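Written out below as C-alpha cells is the structure these notes cover.
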Amino acid sequence: MIEVDRVGRSFTVGRGRSRRTVHAVQDLSFTIDAGEFVGYLGPNGAGKSTTIKMLTGILAPTSGRIEVAGLDPTRRRTALARRIGVVFGQRTTLWWDLPLKDSFDLIRHLYKVDRDDFRRRLAELTDLLDLGGFMNTPVRQLSLGQRMRGDVTAALLHDPAVLVLDEPTIGLDVVSKAAMRAFLGRLNAERGTTVLLTTHDLGDIEKLCRRVMLIHHGRLGFDGTLDDLRATAPGEDSIEDVVTHLYTASPADR
Amino acid sequence: MVRTYLLLAWTWLRASAQYPIPMITMALGSFVLNGLDVAAIWVIFEHTDALGGFGLAEVMFLYGAAGVSFALADMLFGNVDRLSQHIRAGTFDAVLIRPASAFVQMTTDRFGVHRFGRMAQAAVVLGIALPQLDLEWGRAWMIPVMIVCGLVIFTSIFTLGGALQFLLTDAPEVANAFTYGGSTLTQYPLTVYGGDLVKAVTFIVPLAFVNWQPGLYVLDRDDPFGLPHWLRFAAPAAALILALAAALAWRAGIRRYRSTGS
C-alpha cells in the first residue's frame, strides 16, 4: 500500500556564506501492506513530518521513489488525495471560517463522494465521534478535541484506503485521547483501513500499533513489532525507557 | 476546474454573508478609493486638453478598459498574492492534500463581496467613456478581445508573482510591483512614459497589450512610437505566451515548495 524506496530529501538553509544543505531524510526504505497499523516514531526534527509530507504529495523527494495506493505522490497529487486521508494534529485541514457542516459538504463535492454514501458515512462518523453538538459551529470556535474529531471525520468521508495521521492525539485530554484511540483501532480492525501514525505519545503506540518504525537523524533506526522494540534494550522496563535509549544512542552505535 | 472554482467561491461568499457590514464597507471603500484615480485624471484635464496626445474620452477609455481587465483579474485570481502568508502559516499544506487544483483553492480563498468594488468603478468609467468616443463600429469588436486579453495578462502576472513566492516567502512586495504597478502603468496612455519603458512593456512584460496596442486600433490612431502596425493585433498571442509561462512557473513553484517545519 505504501512503498518507499531509498528516498532522500534535503533542504538548503541559510543565505550567503552560512548556506548549507540539511539532509532531513536519507536513504529511507520501507513497505507497508494493506491493513497494517504502523506507528512512526522519532525525536523532534528526525524527519517524521518530512516523510509524511512526501507520502502525501506535499513535498517532492530529492531522490528515491515513493508509491502510495499505487500512485507517485508528487506526480499524481490530486488523484492520490482521493485515495488517502490525512490528519495533521498541529493544524487543521478544515476551512477555518466555515461551519463544520459546510466543510464536510465541500469535501463531498471536492472528493466527488456519492450523496447517499456521504450521508451514511457522515451519520456513522457523527455517531462514533459524537459531532452532533457542534456541526454548525465555525471551525475556529471549536475546542481542540472537537476540531480533531472534525479533522478525522473530514479525512474519512471519502472512505480512503490509507489514513495518515501526524500526531493526532497531541494536546488532547485523557478522555478524548482514549476515544480517539478506540475509534482508530476500530477503523483499522473493522474496515481494514491502513493506518500510519506519527506520535510522541507512546501510549498511542502501545495501544494501537502492531508495527513500529523509528526514524533518527533522517534514517530508519528500527522497524519491527512492539516486542522486537522492547528486545532492543533488555535492561529497560518501560517502553519510554526503551525509546529514550534508542533516541539518545548515536547513529554510529547502530 | 471551473466547477471547483465556482463551488469554493460560492461557499466562501456564503460564509462571508454572515458578516455583511464589513464586507459592504470594504466594497464601498475600494470603489471610492479607485474613484480618486479618476478624479486625478479629471484634475489633469482641467489644466490641459490632452494627455500624451490623447483627449479626455480617449484616456478614460484606456483607463476603463485596463481597469476592467485588472479588476476582473484581481477579483477572480488576485488572492494568489497571499500565497506567502499561507506558506508561512503552514496552511498551504492543507491545500495540497485536497483533490483540487492548488491555484483554484488559493484564488477562491475567502472570496467575498469586497472583491467587486474595483470592478464596479472601472466598468462605470468605461461606460462613460465609450459613448463619447465616436467609435467606428467596425473596430468595436476589439474591445471585448482586449478586455479578455488584459484579464489573461494580469492573471498571468499575478500567477508569476505567486510562483515567485515559493522561492521568496519574504517578498510578496516584489510581485506587487508588477501586478499593482502594472495596473497603474496601464491607466495612462503610454506616450506619457519614455520610449525605453514602452519597449520593455511591449516585449518583456507585455503590459502594452492590455489596452495600449489594441486600444490604438479601436481609436484608429497611429503608434506614436512607430512600432509595427501588426502589434495591435498581437494581444491574444502575447496573452497566451505569458499564460503558458505563468502556468509552467506555478507548477515549478509547487515542485519546489518546502513547507514549514513542524
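The values are calculated or read from the model by the stated rules, or taken from the named source; none is laboratory data. Since we're looking at a predicted model, the values are computed, not measured. As a convention, Cβ positions derive from the backbone with ideal geometry for all residues, glycine included, and neighbour counts pool all protein chains shown.
Restricting the stretch A:1-26 to residues that are in a loop (DSSP other than H, G, I, E, B) and surrounded by 10 or more Cβ atoms within 10 Å (Cβ to Cβ) leaves a set whose member that is modelled with the highest pLDDT is A:MET1.
A:LEU163 falls short on exactly one of the conditions (1) touching a His at 6+ places or on another chain (Cβ under 8 Å); (2) under 22 Å from B:SER259 (Cβ atoms), and that condition is (1). Taken over the stretch A:225-254, the criterion of being touching a strand residue (DSSP E or B) at 6+ places or on another chain (Cβ under 7 Å) and either under 14 Å from A:GLY42 (Cβ atoms) or outside any helix (DSSP H, G or I) (or both) is satisfied by A:THR225, A:LEU229, A:THR232, A:VAL243, A:LEU246, A:TYR247, A:PRO251, A:ARG254. Taken together, A:ARG108, A:ARG140, A:ARG76, A:ARG121 contain a single residue that is under 20 Å from the mean Cα position of the chain (by Cα), among the basic types (Lys, Arg) and modelled with pLDDT under 95, which is A:ARG76. Based on what the data block shows, is B:GLU58 of a type in the set (Asp, Glu), in a helix (DSSP H, G or I), over 21 Å from the mean Cα position of the chain (by Cα) and farther than 24 Å from A:HIS109 by Cα? No; evaluated as a whole, the condition is false for this residue. Tell me whether the stretch A:55-63 contains one or more residues that are more than 11 Å from chain B (Cβ to nearest Cβ) and in contact with a His (Cβ under 8 Å, 6 or more places away or on another chain). Looking through the stretch A:55-63, none of the residues is more than 11 Å from chain B (Cβ to nearest Cβ) and in contact with a His (Cβ under 8 Å, 6 or more places away or on another chain).
Among the residues of the stretch B:213-262, which ones are assigned to a loop (DSSP other than H, G, I, E, B), surrounded by 13 or more Cβ atoms within 10 Å (Cβ to Cβ) and within 14 Å of chain A (Cβ to nearest Cβ)? Hits for the stretch B:213-262 are B:TYR257, B:ARG258, B:SER259, B:THR260, B:SER262. Tally the residues that are in contact with a helix residue (DSSP H, G or I) (Cβ under 6 Å, 6 or more places away or on another chain), more than 10 Å from every other protein chain (Cβ to nearest Cβ) and either in a loop (DSSP other than H, G, I, E, B) or touching a residue at least 60 places away in the same chain (Cβ under 8 Å) (or both), restricting the search to the stretch B:83-102. Summing the residues that are in contact with a helix residue (DSSP H, G or I) (Cβ under 6 Å, 6 or more places away or on another chain), more than 10 Å from every other protein chain (Cβ to nearest Cβ) and either in a loop (DSSP other than H, G, I, E, B) or touching a residue at least 60 places away in the same chain (Cβ under 8 Å) (or both) in the stretch B:83-102 gives 2. Going by the conditions given, is B:GLY117 away from every other protein chain (no Cβ under 14 Å), surrounded by fewer than 17 Cβ atoms within 10 Å (Cβ to Cβ) and closer than 27 Å to B:VAL192 by Cβ? Here the answer is no, as B:GLY117 does not meet what is asked. Taking residues in the stretch A:105-116 that are within 20 Å of A:ASN136 (Cβ to Cβ) and within 8 Å of chain B (Cβ to nearest Cβ), and partners anywhere that are part of a helix (DSSP H, G or I) and among the β-branched types (Val, Ile, Thr), the pairs with Cβ atoms closer than 6 Å and at least 6 places apart or on different chains are A:LEU106/B:THR11. Scanning the stretch A:66-104 for residues that are closer than 21 Å to B:ALA17 by Cα and either at the interface with chain B (Cβ under 8 Å from one of its Cβ atoms) or not charged (D, E, K, R) (or both) yields a count of 10.
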